[in-house]
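This report concerns only the one structure given below.
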Protein chains: 4
Amino acid sequence: MTTVGFIGLGIMGSPMASNLLRAGFDVIGYDLVESSLERLTGEGGQVAESVARATSDADVVITMLPNFPQVEAVAFGEGGVLDSAKPGLLYIDMSSIRPQTSRRIAEEGAERGVRVLDAPVSGGERGAIDGVLSIMVGGAPEDFAAAAAVFEPLGRTIVHVGPAGAGQTVKAANQLVVGGTYALVAEAIVLLEASGLDAGLGLDVLAGGLAGSRILELKRRTMVERRFEPGFRIDLHHKDMGIVLDAAREAEVALPVGGLVAQLIASARAQGHGQLDHSALLKVAENLSGRGD
Amino acid sequence: MTTVGFIGLGIMGSPMASNLLRAGFDVIGYDLVESSLERLTGEGGQVAESVARATSDADVVITMLPNFPQVEAVAFGEGGVLDSAKPGLLYIDMSSIRPQTSRRIAEEGAERGVRVLDAPVSGGERGAIDGVLSIMVGGAPEDFAAAAAVFEPLGRTIVHVGPAGAGQTVKAANQLVVGGTYALVAEAIVLLEASGLDAGLGLDVLAGGLAGSRILELKRRTMVERRFEPGFRIDLHHKDMGIVLDAAREAEVALPVGGLVAQLIASARAQGHGQLDHSALLKVAENLSGRGD
Amino acid sequence: MTTVGFIGLGIMGSPMASNLLRAGFDVIGYDLVESSLERLTGEGGQVAESVARATSDADVVITMLPNFPQVEAVAFGEGGVLDSAKPGLLYIDMSSIRPQTSRRIAEEGAERGVRVLDAPVSGGERGAIDGVLSIMVGGAPEDFAAAAAVFEPLGRTIVHVGPAGAGQTVKAANQLVVGGTYALVAEAIVLLEASGLDAGLGLDVLAGGLAGSRILELKRRTMVERRFEPGFRIDLHHKDMGIVLDAAREAEVALPVGGLVAQLIASARAQGHGQLDHSALLKVAENLSGRGD
Amino acid sequence: MTTVGFIGLGIMGSPMASNLLRAGFDVIGYDLVESSLERLTGEGGQVAESVARATSDADVVITMLPNFPQVEAVAFGEGGVLDSAKPGLLYIDMSSIRPQTSRRIAEEGAERGVRVLDAPVSGGERGAIDGVLSIMVGGAPEDFAAAAAVFEPLGRTIVHVGPAGAGQTVKAANQLVVGGTYALVAEAIVLLEASGLDAGLGLDVLAGGLAGSRILELKRRTMVERRFEPGFRIDLHHKDMGIVLDAAREAEVALPVGGLVAQLIASARAQGHGQLDHSALLKVAENLSGRGD
């Protein structure tokens, strides 16, 4: 039976570890937060006192951490994953971070005989609980193949998109389009309402035509009603737009709309909406037009 | 039997008139271009030598013209629609123009006993031919009801979205979201390709998640393959972004993303791509990143 | 002695007419506001009851009006300037309007033997009172030469910048740079203050280097102190950004920064700051960052 | 006599070290490039074989390095400045880097009894040679006072702008305004030229009014003539816009215009103009409008 070391048992990591347990994996978890560990043991998992302990006996290690500094500390630090890996370990970083860190992990892993995949996800807490995440995977094809059984209980759309870092780049492209679409729908709502129209009715028409999108389908009602409970928080999307711009800088491309949308999301956060759903970008748009509260 | 005066038999107007003929309406058409008139007579329609002649015996007049100056000339000019209407005429302007012109036609129509609807469409030449346009209608509810039989052979989604001008405002909101979505998808493609990835594969993932949209569904393949035959031309979307910004100015709202996207579409036109499909916004995005031809 | 018909005796026009009187011109004024006319008579001017009366005996007609619809009405209307002009009239429109209207006046003027200049100004009410405006003049060189004596008491920098419409285009370029510079200084202030620094001290350094500008020189103190009494109002700059974007559309160019700045100025107006000085763009910038009131 | 360790003898550092020698300081320099060291010895300086050697006997250490990773390596590395400092060392980092690194150096310096200033400059190679740089200094007032004699031969405008990191923040604000002003002047040139006007003449008018700026004063002629020899290179301004956005993120502010300008500068670099003067932002603007080569 495969032993999975799981490092980072937060909102996303915790239900993912549960799904792995349920699928029959041995899971040995590590997190700084005590209560996350308790939940894991309650479901039949084991608890490690350190990254090294979670790694040393594992066949597969998964990290699910907030951002690249945490990943770098856990991957490269003394007693970190690369330091503690047994030969042939498959290390899957499922955090959303900048591609360059993913590539560096892959390079250093290769030097130590550790196989590395970057595999960020989309689908949010709901998708993690239901095991229906979209997983975008970068790395060697044979390592992707080797990880199939591990991904299976976690996601529904599982795509190998390219070499090391590619998963992160596709995730960045995803967040660029998602953030920008929220901004556009927000501006459409403001235009409709300020023109005296029923925005819900107007968006119904948009949703049925070329302007249609998953966001219009799932969120137009809650946006018009100003219900912004998360979902995926502005704070996280703000972090992700930083990754988008980092990735653009590294790829030497210019993203004018992305650059602007990043600032609008920064505005949502600066205005105090960091804990709301990313659809709360509407609050920035209406504020700019002297509307809303 | 209802007689429909149809003014403006271009790429959109011509197949719309054909669909009305096929549905059993008497159609009397007017256009400045001789060949458009010939087609109409070939299908059993009548030809008028002037706007006045197309209007004077009609129960319903439809105009389908390039922009507001043409609509104003036809609606308000000497021998124009309002001037030549018989009492109770139902005048439906299906052009995409700025809302303020639509409101002015409605006001002047009311003074002369003419019922007026603004009813811009989306769905393009294909939708016009197949009679499956989306029609966004502004005006009085009873006039919308009276127009039902006329709209029926033209469209599939036919929605009364509010009072005079409301159809145009919803159309503007639609074009804002469509133009912006193209810009976002274009930036995503540039980021993916410049990062060395297979953009088609990356967009497949995006299309399946929260970033998904009708545009990703219908256009991601042609965009990645750089096939930009229209479809809906950049030149027309450029005109429409002018309407979006006019409508925003009139509604006293600020649309930062819309304002930027309008300039990117203006760039596509300035770079000589006015006759290409609006998905050719990709050419601007890749040019900004020193890519493409 | 030269007789000047002066149409539009508002905040700018009134002191300009006074300066012409003081320089020895016969001035016959027209305005819809009674009190403006009283001031003119008090200073030795004459009052006309109509545009036609202000024009018919004049050697030179100056219009100083809010925007192009007023100019078009006064220039082209029945009993308007072109209609009432004596042969050889020199018609100088000093309003800030879109270039295309200026060109149309010049064309129609040429057909009727009226010499036409577009001559928008910068320098504000203060510059109008002190007779030190900058005047940007479009039209034929010989007409510019003929107007020299009229411009002399009104301005200090008086430049013939090209053919009909050129004055308006240069004015538009000016307002683009001015509006954008305010936006940049505003963002610099927000960044400095949010970083815990003394923005006044920081801007002192900027003002002394390559970032230096007339705006930093004249306005950095009042901006940091949030004193926004006009000066030149947001409402007017909003109008002018409309001209900038119209001119860009006509010249078939893309102005991404201009397009965004136009929306930020629209935001200042939408947020209720239309009557404040254009430096109040700072209020939009700090609001976006969750700062200020 | 004061001994200054000078680490980083590039385009800026080399003439700065020369000016310190000329002012009577003992300078012991370190650089990875051999030829830079030869120049130093030719002018009476000493050469160190390592950062540690350049630091261990110095009363003052200055670093002038490309970006924060180099500064972090030199400051924090084994045998780095903090590691090798004698008690009471005054460490002045004159590189342009993100404020957070400056603050971290100051904190770690304080723990080791090293006094730290961040002191980025503006004025370019010319200013470095002539000893007339603007120097923006962050740190403790007493350390600023202690550094006066060292700054004196290097700069003309030397301002203490706040605590640790403040120098970097002011420099970031400076580059934001400079980059944005170039973008605005570029758009003005494109608008004027595409309208058929003499851009040089138009900019002369702008330079004399509220739109006036140091950039218009110094660069309008070369921009209109498309002469883009540096000066300050696009590549460096691109780096600096990264610092601006990092600083904004850290200060939790939104900079919409800054965010867009950063992408336009990224575009200049992506289009292959990284080695040209930053005024070459004009090439992006004209390219967007289908103009230029």
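Laboratory data are not the source of any read-out in this text; all were calculated from the coordinates shown. This one's a predicted model, so the numbers in the text were calculated from it and none came from an experiment. Note that each Cβ is placed from the backbone with ideal geometry, even for glycine, and that neighbours are counted across all protein chains shown.
Results, tabulated for the structure shown:
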| quantity | calculated |
| --- | --- |
| Electrostatic dipole magnitude of the stretch A:3-163 [Cβ: Lys, Arg +1; Asp, Glu -1; Cα centre; debye, to 20] | 340 |
| Shielding by partners - mean other protein chain Cβ count within 10 Å, residues of C:243-252 | 6 |
| Out-of-range pairs (alpha-carbon distance over 26 Å; input A:K219/B:K283; A:K239/A:K283; C:K171/D:K283; C:K219/D:K283; D:K219/D:K283) | A:K219/B:K283; C:K219/D:K283 |
| Label point distance in nm, C:E43-A:Q100, each placed 7 Å from Cα along Cα→Cβ | 6.3 |
| Other copies of D:P141: label-to-label distances in nm, shortest first, labels 7 Å along the beta-carbon direction | 6.3, 6.9, 7.2 |
| Test item: A:214-227 mean partner chain Cβ contacts at 10 Å | 2 |
| Antiparallel bridge percentage (DSSP; both residues within the protein assembly as shown; nearest 5) | 15 |
| J(HN,Hα) series, the stretch C:238-249, from Karplus relation 6.51 cos²θ - 1.76 cosθ + 1.60, nearest Hz, glycine and proline x | 4, 4, 5, 5, x, 5, 4, 6, 4, 5, 5, 4 |
| Lys, Arg +1 and Asp, Glu -1 on Cβ, resulting dipole of chain C about Cα centre, debye, nearest 20 | 600 |
| Nitroxide proxy distance, nm - points 7 Å out along Cα→Cβ at C:E225 and B:I11 | 5.8 |
| Residues C:T157, C:T63 arranged by fewest to most Cβ contacts within 10 Å | C:T157, C:T63 |
| Cα gyration tensor, the protein assembly as shown - rounded (a/c under 1.5), prolate or oblate | oblate |
| Exposure proxy ranking, count of Cβ atoms within 10 Å, fewest first, for B:V178, A:V284 | B:V178, A:V284 |
| Selection from A:L218, A:V261, A:Y182 lying farthest towards where the dipole of the stretch A:180-282 points positive, charges on Cβ | A:L218 |
| Under 5 Å, built H, 5+ apart or other chain: amide partners of A:S213 | B:R214 |
| Prolate/oblate/rounded label for the stretch B:1-160 (Cα gyration tensor, a/c 1.5) | rounded |
| Theoretical ellipticity at 222 nm over the protein assembly as shown - DSSP helices of four or more residues, -39500 (n - 2.57) apiece, nearest 500 | -16000 deg cm²/dmol |
| Test item: Cα-centred dipole of the stretch C:169-288, Lys/Arg +1 and Asp/Glu -1 on Cβ, debye | 200 |
| Efficiency of FRET between B:E152 and C:E108 - r from beta-carbon atoms, R0 51 angstrom, step 0.05 | 0.60 |
| Using a Förster distance of 35 Å, the FRET efficiency for C:D293-A:D198 (Cβ separation, nearest 0.05) | 0.65 |
| Karplus-derived HN-Hα couplings along the stretch C:98-104 (A = 6.51, B = -1.76, C = 1.60, θ = phi - 60°), whole Hz, x at Gly and Pro | 6, x, 5, 5, 4, 5, 5 |
| Built amide H within the under 5 Å cut-off of B:V47, gap 5+ | B:G29 |
| Vicinal HN-Hα couplings computed from phi for the stretch C:57-69 (Karplus, 6.51 cos²θ - 1.76 cosθ + 1.60; Hz; Gly/Pro x) | 9, 7, 8, 9, 10, 10, 10, 9, 10, x, 7, 5, x |
| Positive-pole candidate from D:F228, D:A148, D:A173, dipole of chain D, charges at beta carbon | D:F228 |
| Near-label residues of the stretch C:209-225 by backbone N, under 16 Å of a point 7 Å along Cα→Cβ of D:E217 | C:209-220 |
| Rounded to 10°, Cα long-axis angle of helix B:256-268 versus longest principal axis of chain B | 90 |
| Summed side-chain charge close to A:R221 - residues other than A:R221 whose Cβ falls under 14 Å, Lys, Arg +1, Asp, Glu -1 | -1 |
| Cα centroid separation - the stretch D:188-247 against the stretch C:32-82, whole Å | 40 |
| Peptide A:123-134 - average C-beta neighbours from other chains (10 Å radius) | 1 |
| Cβ-based exposure ranking for D:Y91, C:Y182, in which fewest neighbours within 10 Å come first | D:Y91, C:Y182 |
| Placed amide H near B:G155: partners under 5 Å, 5+ positions off or other chain | B:L133 |
